[in-house]
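Heads up: the structure comes next, in structure tokens.
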Amino acid sequence: MSYNEKLKPVLDDLESKEIEIAGGSAVGMILSITNSLIGYICNLTIGKKNYESVQEEVVNIKKEVDELKKEALIVIDKDKEVLEKILGGYKIRKENPEEFERINKEAVIFCLDVTKNAFETLKLADRISKVGNRMLSSDFEICKDYAFASIKASIVNVKVNLKSVQDEEFKNDIKRKYHKIYEEAKKIYKLT
């Protein structure tokens, strides 16, 4: 079976109006792919003659990327659960505003956690670009592009969910956190 045949059912689910996976799940997919690609670079660097001096660093990157990939895979299904809660929350928002607030705060925190995962992925992409197999330099850049795009996409989800939160102190704290991540990410990504 070809890879496009293996992937098609997932893409069909993403496109379906019956199955509630959407943008956040897509970010989880992209982050999983990005971490796998960083792992690929690590695997093609570990044990190579010209890279003996960086073996320990690359092995550490591989361990970290494996953990981030596990977290990113969880995001795919978790985003569906969060979306279902939000949709359910809209039905009870007038009679139970406290529960609606709690659901929206939970969604914001989840999206911020995905933003953090994407930021950690960007940092690993940057680290491997400095020590990884030079034959894979285009893959370094692809990993950085995907990770940075995932940061931006996750922040969009934070902002959307934040609109339904009433607690101004909570909102300001979250805004401060995602602005800080974005500013640090721009430096790594070298965006001016």
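Nothing in this text is a laboratory measurement; each read-out follows from the coordinates by a stated rule. Source: prediction; values computed, not measured. When we count neighbours, we look across all protein chains shown, and the Cβ atoms used for this are built from the backbone with ideal geometry, even at glycine.
Remarks
- For region 16-21, backbone phi angles converted through the Karplus equation (6.51, -1.76, 1.60; θ = phi - 60°) give residue-by-residue couplings of 5, 7, 8, 10, 8, 10 Hz, Gly and Pro being listed as x.
- Net dipole in debye of the chain [+1 Lys, Arg Cβ; -1 Asp, Glu Cβ; about Cα centre; nearest 20]: 660
- Here the sum of -39500 (n - 2.57) over DSSP H runs of 4 or more residues, divided by the residues of the chain, equals -28500 deg cm²/dmol at 222 nm, to the nearest 500.
- Among 167-176, 65-74, the peptide with the highest mean count of other Cβ atoms within 10 Å heads the list, and the full ranking is 65-74, 167-176.
- For region 43-50, 3J(HN,Hα) per residue [Karplus equation, 6.51 cos²θ - 1.76 cosθ + 1.60, θ = phi - 60°, Hz, x = Gly/Pro]: 5, 8, 10, 5, x, 7, 4, 7
- Ordering Q166, L124, L136 by Cα displacement along the dipole of the chain toward the positive end leaves L136 in first place; charges were set at the Cβ atoms of Lys, Arg (+1) and Asp, Glu (-1).
- Helix 168-189 and the long axis of the chain differ in direction by around 20°, with both axes built from C-alpha atoms.
- Listed residues N60, N96, N43, most fluctuating in the chain (Gaussian network, C-alpha, under 10 Å): N96
- Exposure proxy for V10, V108: other Cβ atoms within 10 Å of each Cβ, ordered fewest to most, give V10, V108.
- Calculated from backbone phi, Karplus (6.51, -1.76, 1.60) coupling profile of region 114-127 in Hz, x at Gly/Pro: 5, 4, 5, 4, 5, 5, 4, 5, 4, 4, 5, 4, 5, 4
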